Amino acid sequence: MYSTAMSLSAASASAAAVASGAAASRPNAIRPSAGIRFCGLRREALGLRTVRSSPQVVAARRSVAAAATAGNGAAGSGGFDYDLVIIGAGVGGHGAALHAVEKGLKTAIIEGDVVGGTCVNRGCVPSKALLAVSGRMRELQDEHHMKSLGLQVSSSGYDRQAVADHANNLASKIRSNLTNSMKTLGVDILTGIGTIVGKQKVRYGKAGFPDNEITARNIIIATGSVPFVPKGIEIDGKTVFTSDHALKLESVPDWIAIVGSGYIGLEFSDVYTALGSEVTFVEALDQLMPGFDPEIGKLAQRILINPRKIDYHTGVFASKITPAKDGKPVLIELIDAKTKEHKETLEVDAALIATGRAPFTKGLGLENINVVTQRGFVPVDERMQVMDADGNAVPNLYCIGDANGKLMLAHAASAQGISVVEQISGRDNILNHLSIPAACFTHPEISMVGLTEPQAREQADKEGFEISVVKTSFKANTKALAENEGDGLAKMIYRPDTGEILGVHILGLHAADLIHEASNAIALGTRVQDIKFAVHAHPTLSEVLDELFKAAKVNDGVSHSVNEPVAA
């Protein structure tokens, strides 16, 4: 799921920013200005900082957009080589490129590595292939579960290389699909490292070859991220490695330490334990899975951690990790996260470093346009327009995805890219990041959208409103019981005075698929008093959310927009 999936350990600070940012920016009632299209009713509330554009800046954007669309993608429109150049061909860049072509913009995309970026080649896609295997293995290994369904399985096993090939082949197929889709629609794919050399100018090229320089009316930075490796950790790619190496599945160690218990760490614990490894988590914060809603996190620990061959150390840093060599194991020195005193040294067969991701923004030439990164992230406003060192918007320059740090998820990058293309095509657009769902593809899955309960309570205290919480269990769902998969919970946080949905969190069978009804409701501003009238097929897992919505109670007198039924 990661994006570039953001480690929830590393994301705890971002989670706090969600609540504070939302509290600062979200009024009780929002009336979008004429001519502005909101993707959801609330303004963007995630990120390192939120910079709002003045009416003059918005007006200037519209005039530029009108000029861009006037050429309608014709070569050399307005004297530029391209209407849009995108630096980085990951999921975000790909989504922006396809939408740009749809809008009639002459578009090029620059890629220095391979099309698909982290998600397709070293993240979301190959990890889901490995998790598909771990899910099947868990079913085959669960004798009680199989017997309850009347099935008999004599034994289960796997071919490590065949599993690795499955992940690699899937990545290759999706990479090819993305490449072909752009070529078919007329996107120029330029190979090399892209560098901004001046206003609306980009240079690209490969080592040992002459550079090329092109001009573009608009430029989007979409360079993504790389695994973050803390100081003191030595990576050898064999016994101490990041998710980039782990996805190759070159070995299945008997005992592996996973540093970080966010999305990435949790998903790999699911894979490794299903394939026979013992796992030890090393978590800097005082609890596992710190970025999840606390109630969901506790349930996840009971279902995903405690019954499996997993132990853990919380409140500690891995201050030094030395790879295995000369017959010696991997050595992990642990220190107390608060006192920095040495606690113990672990000896394991391998260590996976899952401490989050860092923006890949070096070498972009940002210094040429007076842009200074913040901890490596490119500063942007709510419309993803890059801000310079003086706090001014850089004309015609945008940054999307992991490189801006607002929400490090592949689908968030794509949504940001589409939003930017809407803007440069003359239709202003603000993406509501609180409506973007996230998922962890463990067995069972975890998904979420919006605020956690603590974040919602903090916001309610600051803004002076009440919140309510409702829950439903998978044990009450017919389809889940038919699958003998009753472990799970769905939870919704909402405002009883307005019916606004603030957050939804799910742990259970196919949670990653179920969350989208809630995320779309938040994006469209649908209130609980309206959505509870929606009809769900029976028996389906979607009825978990149906029961959740129906359980919500709004205050007397709260209006709703559901029309009276029409007699058939």
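The values are calculated or read from the model by the stated rules, or taken from the named source; none is laboratory data. Predicted, not measured: the structure shown is a model, and the values here were computed from it. When we count neighbours, we look across all protein chains shown, and the Cβ atoms used for this are built from the backbone with ideal geometry, even at glycine. Quick note on the areas: whole protein, heavy atoms, side chains included, nothing else; ligands and nucleic acids left out. Shrake-Rupley method; radii C 1.70, N 1.55, O 1.52, S 1.80 Å.
With all protein chains kept in place, the per residue accessible area of the range 474-568 amounts to 47 square angstrom at a probe of 1.4 angstrom. Remark: spin-label model distance H538-K206 equals 6.1 nm, labels positioned 7 Å along the Cα→Cβ axis.
Within a Cβ distance under 10 Å of T314, other residues only, what is the Lys/Arg minus Asp/Glu net charge? Computed value for this residue: -2.
The residues neighbouring I305, those whose beta-carbon lies less than 12 Å from its own, together hold a net charge of +1 under the Lys/Arg +1, Asp/Glu -1 convention.
Taking label points 7 Å from Cα along the Cα-to-Cβ direction, L331 and L185 give a separation of 5.3 nm. The calculated FRET efficiency for the pair K471 and A389, based on their C-beta separation and a Förster distance of 35 Å, comes to about 0.15. So what's the net charge close to I296: Lys and Arg +1, Asp and Glu -1, counting the other residues with Cβ under 14 Å from its Cβ? Net local charge, I296 excluded: -1. Rounded to the nearest whole Hz, the Karplus-based 3J(HN,Hα) values (6.51 cos²θ - 1.76 cosθ + 1.60, θ = phi - 60°) of the range 209-222 follow the sequence 10, x, 7, 10, 10, 10, 10, 8, 4, 9, 10, 10, 8, 9, with x at glycine and proline. Summed over the residues of the range 187-250 and divided among them, the accessible surface reaches 47 Å² per residue at a probe radius of 1.4 Å. Averaged per residue, the range 345-389 has 36 square angstrom of accessible surface, using a 1.4 angstrom probe with ligands and nucleic acids left out. When every Cα-Cα distance of the range 215-344 is counted in 5 angstrom steps from zero, the calculated P(r) takes the values 2, 9, 18, 21, 19, 14, 7, 4, 3, 2, 2, 0 percent.
Using a 1.4 angstrom probe on heavy atoms only, work out the carbon and sulfur share of the accessible area of the range 244-310 in %.
Details: 1020 of 2150 Å².
Result for the range 244-310: 48 percent of the exposed heavy-atom area is carbon or sulfur.
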